[in-house]
């Protein structure tokens with residue numbers, strides 16, 4: 001006779017698996033955000049922007065041609081924002097250590113999605129760089145298919161930026177890019193790149209809309225390309241659950257939160273529509289450039 005267990009015993013939760021690839025693999029994390037950045041945001045000189053190099057051919061006869069001088073440079077600014085996770089449960093049969101562990105694991109499981117969502121739209125927060133409102137240039141490929149779209153995106157981007165860029169695209173579009181042979185695991189654990197070395201950031205937290213929230217054509221997603229992305233995060237403080245306990249209701253009220261700041265190297269941003277189907281057909285819309 002089968003025995004039906006009605007009193008299962010709690011065991012330690014299994015360790016989480018590896019984090020999916022996404023923005024946290026493509027971005028550089030320079031270190032913890034200091035208190036001054038948390039208070040007021042950050043700014044830095046974008047010294048590596050553009051391709052302002054010209055050729056100079058001095059004449060043998062005077063007067064010599066004047067050398068061109070490019071004025072000024074860009075400055076990057078970014079405001080901080082908070083990533084917050086909470087956990088509530090009854091006190092019976094649950095220890096403070098259980099609660100602290102559970103809220104931190106909830107934070108770790110969801111924080112990459114939350115930061116990707118913020119990079120894509122800004123989530124309505126002032127001063128936070130985001131792709132939806134960036135001053136981006138729309139690229140129109142000259143042939144159908146994901147390969148042509150990404151190649152056109154890279155060409156337009158590297159025509160204006162001299163260092164490796166990052167391609168941001170919702171995970172719904174990665175299969176077509178993979179089919180086109182544009183996704184390789186070169187140059188570091190977890191980093192996905194194109195054959196030109198551009199970093200892929202496939203974000204489950206990204207949207208599919210384009211500049212200013214423009215919807216993609218049916219069967220397409222928008223992809224953006226930016227310079228290198230940087231992420232700063234403060235340590236993740238967890239107040240002692242005993243101190244945040246709701247003693248009146250006997251409820252643990254646990255919190256994990258941190259402050260984030262993100263920015264990309266300068267304001268060179270390109271956008272293109274990428275077909276989801278692989279392979280795409282010639283008659284798929286939107287039409288390619290003549």
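The values are calculated or read from the model by the stated rules, or taken from the named source; none is laboratory data. As the structure is a prediction and not an experimental result, all values here were calculated from the model. When we count neighbours, we look across all protein chains shown, and the Cβ atoms used for this are built from the backbone with ideal geometry, even at glycine.
Looking at 197, 188, which is the one that is modelled with pLDDT of 90 or more and outside any strand (DSSP E or B)?
On the way: 188 fails: modelled with pLDDT of 90 or more.
Just a single option satisfies the conditions, and that option is 197.
With respect to residue 131, is the statement that it is buried (at least 19 other Cβ atoms within 10 Å of the Cβ), in contact with a helix residue (DSSP H, G or I) (Cβ under 9 Å, 6 or more places away or on another chain) and either at pLDDT 80 or above or within 16 Å of residue 229 (Cα to Cα) (or both) true? So residue 131 passes the test.
Does residue 218 satisfy being buried (at least 16 other Cβ atoms within 10 Å of the Cβ), in contact (Cβ under 8 Å) with a residue 40 or more places away in the chain and either within 25 Å of residue 53 (Cβ to Cβ) or more than 20 Å from the chain's Cα centre (by Cα) (or both)? No: the conditions fail for residue 218. When residue 209 is tested against (1) at pLDDT 95 or above; (2) surrounded by 19 or more Cβ atoms within 10 Å (Cβ to Cβ); (3) out of contact with any helix residue (DSSP H, G or I) (no Cβ under 8 Å at 6 or more places or on another chain); (4) part of a loop (DSSP other than H, G, I, E, B), only condition (2) is not met.
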